[in-house]
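The values are calculated or read from the model by the stated rules, or taken from the named source; none is laboratory data. Since this is a predicted model, take the numbers as computed values, not measurements. Glycine gets a Cβ as well: all are built from the backbone with ideal geometry, and neighbour counts include every protein chain shown. To get the accessible areas, we keep the full protein, side chains included, count just its heavy atoms, and leave off ligands, DNA and RNA. Shrake-Rupley method; radii C 1.70, N 1.55, O 1.52, S 1.80 Å.
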Amino acid sequence: MTSQKTPQTMKPATAAKKLGVYLEATPAEFQEGVVSRDELNALQAEPPEWLRELRRNGPHPRPVIAAKLGVSISGLARGGITGALTTEEIDAIKNENPDWLKRERETQAEVRKEEARLKAARSDG
């Protein structure tokens, strides 16, 4: 007897997270189904137009917004950003460079510096 190997699947929210897109902005058929590992790989290798458009213009999920602004997700919340933003909205925040963004970027730089120091200390030990 041989058993059929069932394909590994994931919920749409997991697939959207792996693709770096905001789930609510994806097509209904993506949101309502399950995504197999092969389908995810195909989407990553050859993104359809809707995926390219979302990655280019958004709306983007908070991890992507944080990365584009150079701050942490917690920093976004402290700055009052709690929902998805488009690329245009992110660019407007960058151009405006509000005080909260400056503070959070400084905090993020300090965190990275401390992480690098700890990593160096571990490798020397």
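Here are a few things to note about the model shown:
- Each residue in segment 74-125 was checked for being open to solvent by 70 Å² or more (accessible area, probe 1.4 Å) and not in a helix (DSSP H, G or I), and 2 pass.
- Restricting attention to segment 77-125, the residues being of a type in the set (Val, Ile, Thr) and touching a residue at least 40 places away in the same chain (Cβ under 8 Å) number 0.
- Number of the exception - VAL71 against (1) touching a helix residue (DSSP H, G or I) at 6+ places or on another chain (Cβ under 6 Å); (2) of a type in the set (A, V, I, L, M); (3) loosely packed, with under 15 Cβ neighbours inside 10 Å: (3)
- Looking only at residues of segment 8-58 that are exposed (fewer than 11 other Cβ atoms within 10 Å of the Cβ) and assigned to a loop (DSSP other than H, G, I, E, B), we find that the one that is modelled with the lowest pLDDT is GLN8.
- Residues in segment 91-125 that are hydrophobic (A, V, I, L, M, F, W, C) and farther than 24 Å from ASN57 by Cα: ALA109, VAL111, ALA116, LEU118, ALA120, ALA121.
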